[in-house]
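Participant: Please see the structure below; I have some questions.
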Amino acid sequence: SLNSGFISSAGEAVSRFESLLALQCDTKHALATTSGTHALDLLMYALDVQPGDEVIVPALTFISVGATIARAGGRPVFVDVDKESLNLLPQAVEDAISPATKGIIAVHTFGHPCDMNALRKIADHHELFLIEDACEALGATVHGKPIGGLGDVAVHSFYANKMITTGNGGAITTNSDQLS
Ligand SMILES: *Cc1c(COP(=O)(O)O)cnc(C)c1O
């Protein structure tokens with residue numbers, strides 16, 4: 001509120017928001033960012049995506065998902081989505097894996113969670129990182145477990161057209177002490 005004297009950046013409101021988001025996603029950590037796109041860019045850096053690296057993404061998604069990989073110098077590899085959920089088809093992901101594959105970005109499209117059990121198995125088997133893009137799905141659950149804590153790390157957006165908004169804003173949630 002105006003009376004608090006708080007304007008922007010670090011302050012009580014941000015840490016409270018982060019704590020509540022971590023509670024919602026059942027993760028150890030939540031970190032506010034300036035947007036969902038910024039959260040993805042930070043992760044490309046943290047997960048060391050380099051020129052020549054491939055990252056698997058759904059063929060139907062928001063532009064930021066492919067662009068963040070390209071900005072890091074990597075190559076987005078677009079794979080088919082399921083007709084019903086519009087989410088990554090695990091078999092298509094498996095088929096797209098090459099020696100250059102470094103990770104997967106699983107986008108929970110329009111609020112529908114991806115098949116995280118299948119994607120987790122594929123990622124573990126091939127030693128790939130697994131990012132959840134939860135920008136369109138805050139509040140969704142898979143067998144009672146909230147999205148946002150089902151991969152290695154997740155990104156959120158609080159842009160005006162998302163589930164909840166801060167005008168512009170984003171976040172990262174994770175159980176990893178290393179990534180936080
Ligand atoms: C909105 C959105 C983003 C980017 O979030 P911004 O806060 O607008 O940068 C990334 N991925 C998906 C799937 C989105 O819907």
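Participant: Determine, yes or no, whether Val14 is modelled with pLDDT under 95, open to solvent by less than 60 Å² (accessible area, probe 1.4 Å) and either closer than 24 Å to Gly139 by Cα or among the acidic types (Asp, Glu) (or both). Full working, then the answer.
Facilitator: Numbers: modelled with pLDDT under 95: yes; open to solvent by less than 60 Å² (accessible area, probe 1.4 Å): yes; either closer than 24 Å to Gly139 by Cα or among the acidic types (Asp, Glu) (or both): yes.
Judged against the criteria, Val14 is a match.
Participant: I'd like the full set of residues that are over 28 Å from Asn161 (Cβ atoms), touching a Leu at 6+ places or on another chain (Cβ under 8 Å) and open to solvent by 30 Å² or more (accessible area, probe 1.4 Å), limited to segment 91-116. Break it down stepwise before answering.
Facilitator: At the first step, the residues of segment 91-116 found to be over 28 Å from Asn161 (Cβ atoms) are 91, 94-102.
Restricting the remaining residues to those that are touching a Leu at 6+ places or on another chain (Cβ under 8 Å) gives 97, 101-102.
Listed by number, the residues that qualify are Ile97, Lys102.
Participant: Can you pull out every residue in segment 1-24 that is in contact with a strand residue (DSSP E or B) (Cβ under 9 Å, 6 or more places away or on another chain) and either over 13 Å from Val153 (Cβ atoms) or within 16 Å of the ligand (Cβ to nearest atom) (or both)? Full working, then the answer.
Facilitator: Within segment 1-24, the subset in contact with a strand residue (DSSP E or B) (Cβ under 9 Å, 6 or more places away or on another chain) is 14-15, 17-24.
Val14, Ser15, Phe17, Glu18, Ser19, Leu20, Leu21, Leu23, Gln24 - these are the residues of segment 1-24 that are in contact with a strand residue (DSSP E or B) (Cβ under 9 Å, 6 or more places away or on another chain) and either over 13 Å from Val153 (Cβ atoms) or within 16 Å of the ligand (Cβ to nearest atom) (or both).
Participant: Here's a follow-up. With the checklist (1) among the β-branched types (Val, Ile, Thr); (2) over 15 Å from the mean Cα position of the chain (by Cα); (3) within 13 Å of the ligand (Cβ to nearest atom) in hand, flag the one item Val107 doesn't pass.
Facilitator: The number of the failed condition is (2).
Participant: Tell me which residues, restricted to segment 6-64, are in a loop (DSSP other than H, G, I, E, B), farther than 29 Å from Phe78 by Cα and hydrophobic (A, V, I, L, M, F, W, C). Give the steps one after another, and end with the answer.
Facilitator: First, pick out the residues of segment 6-64 that are in a loop (DSSP other than H, G, I, E, B): 6-11, 26-28, 34-35, 47-53, 59-62.
Narrowing further to those that are farther than 29 Å from Phe78 by Cα: 6-11, 26, 28.
Of everything in segment 6-64, those that are in a loop (DSSP other than H, G, I, E, B), farther than 29 Å from Phe78 by Cα and hydrophobic (A, V, I, L, M, F, W, C) turn out to be Phe6, Ile7, Ala10.
Participant: Which residues, counting only those in segment 117-170, are open to solvent by 10 Å² or more (accessible area, probe 1.4 Å) and either aromatic (Phe, Trp, Tyr) or part of a helix (DSSP H, G or I) (or both)?
Facilitator: Passing the criteria: Asn117, Ala118, Arg120, Lys121, Ile122, Asp124, His125, His126, Phe129, Tyr159.
The values are calculated or read from the model by the stated rules, or taken from the named source; none is laboratory data. All values derive from a computational prediction rather than experimental measurement. Positions of Cβ are generated from backbone atoms using ideal geometry, with glycine treated the same way; all protein chains shown enter the neighbour counts. Just so you know, the surface numbers come from the protein's heavy atoms only, side chains and all, with ligands and any DNA or RNA stripped out. Shrake-Rupley method; radii C 1.70, N 1.55, O 1.52, S 1.80 Å.
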